[in-house]
Amino acid sequence: MPGEGTAIRLQSLHKSFGQVEAISGVDLEIRDGEFFSMLGPSGSGKTTVLRMIAGFEPPTGGTIELAGKDVTRLAPFERDVNTVFQDYALFPHMTLEQNVAYGLKVRKVPKAERLERAREALAGVRLEGFGKRRPSQLSGGQRQRVALARALVGRPRVLLLDEPLGALDLKLREEMQVELKELQRGVGITFVFVTHDQEEALTMSDRIAVFNRGRIEQIGTPAEVYERPATPFVAGFVGTSNLLTGEAAEQIVGAAGTYSVRPEKIRLVDAAGPEADDEHRSAIGTVAEVVYLGDATRFIVDLDSGGRLTALQQNLDSGSAEVGALRGTRIRLQWHQRHNFRVA
Ligand code: ATP
């Protein structure tokens, strides 16, 4: 569980590369022991922020504090952080033990101690007994675990991870997500995790910062970011974009603005049935598309009041034939009023 102290504090952080403004004012506080994700599309600036925290890239403005100390001008090795990169960067000619112990050797830790710590670190990522192998004798997931062991062996206060699961196939990635979260809980080190994969961020994080064009649009727990997106961008990037605007918003919600409602909160009911009560919103439309997903079905509905909404329903009793038959039919969509949020 995250502690009380502040592990990382960024204040009005800026970074320009020549004419390109990559980061335009980022303020952020990450707590001790937190699993914190920076989520955003390609080019939104996540990696640049991570590299500035690590000390690989000097900011053009603002400050970086680690555990209350201003490290903005310090070199990477003077900061109590370590980084795991997507390509692992293991030394191919060294055994796993030597790979993991390398950083301790550089820091002149005595040989017996560094071997013991390397073995412990390998055991911590479930690679006990693999110490004498070389990286080429491992699977992708195992290599990723060695990279983690190597980063953790020096017991940094903060571990920075830049899309560390990006090179793995989907199944392995999902397994590693669970493992990584367990590992982080076990060691209690602050993890800062960069990803463009919203599901990955929602699965693993205590909190998420959603990046867009060099700024943070929202910071919150996975549930806050998913269920109460603060902006249309967040509503669209995290989960399926489902927005009511203009005329449709006025008619359905009863007020001007842009509103988000999540597909799984919307029920499909008989268009000829009774109107919604005061607590529910409802809209009539025509089913434009039916997408059968196996465990659930996605219905894309063109509303009479303009715009379109997606509704997601579990396939409790229905198969693909039954749900497919709804294409082109009239339908009423209904959801509880607490499930629509104003995003603009
Ligand atoms: P990705 O997921 O693709 O890694 P990102 O969100 O991590 O994307 P950054 O790599 O931080 O994004 O890049 C942010 C912006 O800064 C981009 O417009 C990128 O082109 C620019 N940028 C990053 N590094 C440099 C550099 N060394 N020189 C010039 N521009 C750069």
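The values are calculated or read from the model by the stated rules, or taken from the named source; none is laboratory data. Note that the structure is a prediction, hence the values are computed from the model and not measured. All Cβ positions, even for glycine, are placed from backbone atoms using ideal geometry, and neighbour counts span all protein chains on display. With ligands, DNA and RNA removed, areas are computed over all heavy atoms of the protein, side chains included. Shrake-Rupley method; radii C 1.70, N 1.55, O 1.52, S 1.80 Å.
Quick one: length gained pulling R134 to E182 fully straight, 0.36 nm per residue minus the C-alpha distance?
14.7 nm
Short version: ³J(HN,Hα) in whole Hz for each residue of region 79-88, in order, from phi by Karplus 6.51 cos²θ - 1.76 cosθ + 1.60 (θ = phi - 60°), x for Gly and Pro, what are they?
With the stated coefficients, region 79-88 comes to 10, 7, 9, 9, 10, 10, 9, 4, 8, 6 Hz.
Whole-Hz ³J(HN,Hα) for each residue in region 144-156, computed from phi via Karplus 6.51 cos²θ - 1.76 cosθ + 1.60 with θ = phi - 60°, x for glycine and proline: what do you get?
Listing the rounded values in order: 4, 5, 5, 4, 5, 4, 5, 6, 8, 4, x, 6, x Hz.
Please list, by residue number, every one of the GluC sites (Glu not before Pro) in region 269-335 that is coil in DSSP and has at most 11 other beta-carbon atoms within 10 Å.
Sites meeting the loop and neighbour criteria: E275, E279.
Cα centroids of region 23-89 and region 174-233: how far apart, whole angstrom?
15
What is the sum of charges around A118, taking Lys and Arg as +1, Asp and Glu as -1, for the other residues whose C-beta is under 11 Å from the C-beta of A118?
Net local charge, A118 excluded: +2.
How big is the dipole moment of the chain about its Cα centre under a simple scheme where the beta carbon of each Lys and Arg is +1, that of each Asp and Glu is -1, and everything else is neutral? Debye, nearest 20, please.
1740
Straight-line reach only, C-alpha to C-alpha below 28 angstrom: list the lysines that K111 could link to, leaving out same-chain residues fewer than 8 apart.
Answer for K111, where 28 Å is the Cα cut-off: K132, listed by chain and number.
Compute the helix-to-body angle for 170-187: its Cα long axis versus the longest principal axis of the chain, expressed 0 to 90° and rounded to tens.
So the helix axis and the longest Cα principal axis differ by about 60 degrees.
Kirkwood Rh over alpha-carbon pairs of the chain, then Stokes-Einstein at 37 °C and 0.692 mPa s: what D in µm² s⁻¹, rounded to an integer?
Answer, rounded: 145 µm²/s.
Going by accessible area, probe 1.4 Å, with all protein chains left in place, what is the ranking of T329, T48, largest first?
Working: T329 45, T48 25 Å².
Output order, biggest surface exposure first: T329, T48.
Counting only trypsin sites (Lys or Arg not before Pro) that are in a DSSP loop and have at most 11 other C-beta atoms within 10 Å, tell me the longest site-free stretch of the chain.
Counting only loop sites that pass the neighbour cut-off, the longest clear stretch is 133-344.
Stokes-Einstein at 25 °C, 0.890 mPa s, Kirkwood radius from Cα pairs: D for region 242-342 in µm² s⁻¹?
180
Order the following by accessible area, largest value first: I64, I216. Probe radius 1.4 Å; ligands, DNA and RNA are ignored.
Details: I64 0, I216 40 Å².
Most to least solvent-accessible, the answer reads I216, I64.
Per residue and in cubic angstrom, what volume does the convex hull of the Cα atoms of region 252-311 have?
Roughly 101 Å³ of hull volume per residue.
Helix-only estimate, please: 222 nm mean residue ellipticity of the chain, summing -39500 (n - 2.57) across DSSP H runs of length 4 or more and dividing by its residues, to the nearest 500.
-8000 deg cm²/dmol
Straight-line reach from K171: which lysines fall under 20 Å, measuring Cα to Cα and dropping same-chain residues less than 8 apart?
Within reach: K181.
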